[in-house]
Amino acid sequence: FFFSPLTQSVRTPHTMSLKSQFLDASSSMRGWVPENPPSNRDRLELYALHKQAAAGDCKTAKPTGSGVADKAKWSAWKTKAGLSQAEAMSRYISECKRQVRVYGSKAGPTVTDVERETPHVTNPNPNEPQREANHSLLRGIDSVPFLSSAASEPYATYMQRLAIQNASQSWWSRRTPLCGPASPSSPTITSKLENFIISVGTFLERGALRNKAIGPLPPSSVHALVYPLHVLLITFWITLIYLLTIPTTVYLAVKTALLGSNSTGVSLSQLLDTSITPTSTVASSLLSDPKNALPVRALGLSLTPLCVITDVTLSLNAAVGDLPASGLYVLGVLATWWYWMFVVPWIAAAMGW
């Protein structure tokens with residue numbers, strides 16, 4: 001069985017210094033062949049974190065007369081100004097793992113193999129089981145930045161892409177469900193919900209990629225009509241990911257607290273680190289990132305209560321431990337069930353009108 005360099009590099013995370021982990025991750029990523037091409041935003045994020053970790057703040061002048069790519073790299077590095085090199089190394093390592101989970105590898109271990117051997121999820125206590133139950137949770141939430149990047153594709157770029165691609169190159173046709181299997185019950189139904197969104201997107205985009213007039217509408221007008229629907233469908237998909245992930249996280253937290261980590265394959269500490277915290281962090285970035293499309297930022301605004309609940313949970317966790325903090329998170333989400341069941345879907349639906 002072939003293991004990629006990334007898997008080999010993380011077998012002994014607890015014995016490696018931060019700098020050693022950074023250098024190891026850098027070396028591994030140079031040999032990484034993703035199964036799906038990363039978005040430009042994710043490529044730039046990895047580049048910027050690597051430059052900040054290796055050289056600190058950008059002190060070079062903005063390139064003039066050079067290509068768009070050089071200017072984009074310079075701008076991405078500039079956004080990391082003020083970030084310490086140690087913090088940049090830590091973020092770079094985490095970003096490497098996230099991108100491997102999201103985009104996969106053409107050769108090497110599965111996502112599960114990589115996750116089990118990274119310091120982010122490996123439990124140093126041999127008597128406590130490894131996390132296995134929430135891989136799909138991670139994949140769904142980790143994919144949200146990729147989806148938000150796709151939704152923020154500029155109108156002109158989208159129109160140009162549709163003009164030169166054919167139906168077999170549809171972006172939507174290459175998508176698969178991200179978090180359906182993570183549901184504690186009826187995984188087939190949750191997968192079908194995601195597949196429904198994917199099917200609608202595929203139908204619309206393939207229709208536009210035929211580059212044929214529809215009645216009195218020329219192909220360019222058809223493309224212009226499909227663009228906002230493309231953005232809204234991605235926003236609906238992100239909304240669905242959150243509406244599936246939040247109750248599943250609550251379910252895992254309650255089951256782990258009552259029956260122990262053997263029943264779920266994940267400890268409360270791991271659940272806090274690998275599901276609750278990333279879910280809130282990504283939700284916050286949906287609103288704060290000015291590059292995101294307006295519907296995506298509106299969704300991020302609607303998820304603000306989740307960020308508040310998580311912030312209070314993490315503060316309590318630092319003071320009293322995992323069990324009370326997880327209990328507070330569960331109570332906070334359950335107390336606002338009406339908001340997640342009615343308000344968030346209503347906001348998503350309202351963006352479609």
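The values are calculated or read from the model by the stated rules, or taken from the named source; none is laboratory data. From a predicted model like this one, the values you see are computed outputs, not experimental measurements. Methodologically, a virtual Cβ is constructed for each residue, glycine included, from the backbone with ideal geometry; neighbour enumeration extends over all protein chains shown. With ligands, DNA and RNA removed, areas are computed over all heavy atoms of the protein, side chains included. Shrake-Rupley method; radii C 1.70, N 1.55, O 1.52, S 1.80 Å.
Every pair of different Cα atoms in segment 205-324 enters the Kirkwood calculation, which places the hydrodynamic radius at 17.0 Å. Between Gln169 and Leu294, the contour length at 0.36 nm per residue exceeds the Cα-Cα span by 42.4 nm. Compared with the direct C-alpha span, the chain from Lys71 to Ser199 gains 42.4 nm at full extension, assuming 0.36 nm per residue. When only Cα pairs below 8 angstrom with a gap of at least 6 residues are kept, segment 291-353 shows a relative contact order of 39 percent.
The lysines whose alpha-carbon is closer than 30 Å to the alpha-carbon of Lys73, local same-chain residues fewer than 8 away aside, are Lys19, Lys51, Lys59, Lys62, Lys97, Lys106, Lys291. Remark: accessible surface ordering of Ile164, Ile246, Ile347 (largest first) is Ile164, Ile347, Ile246, probe radius 1.4 Å.
Suppose the chain between Leu258 and Asp57 were pulled fully straight at 0.36 nm per residue; how much longer would it get relative to their current alpha carbon spacing?
67.6 nm
Given R0 = 35 Å, the distance between the Cβ atoms of Lys78 and Ala224 translates into a calculated FRET efficiency of 0.55.
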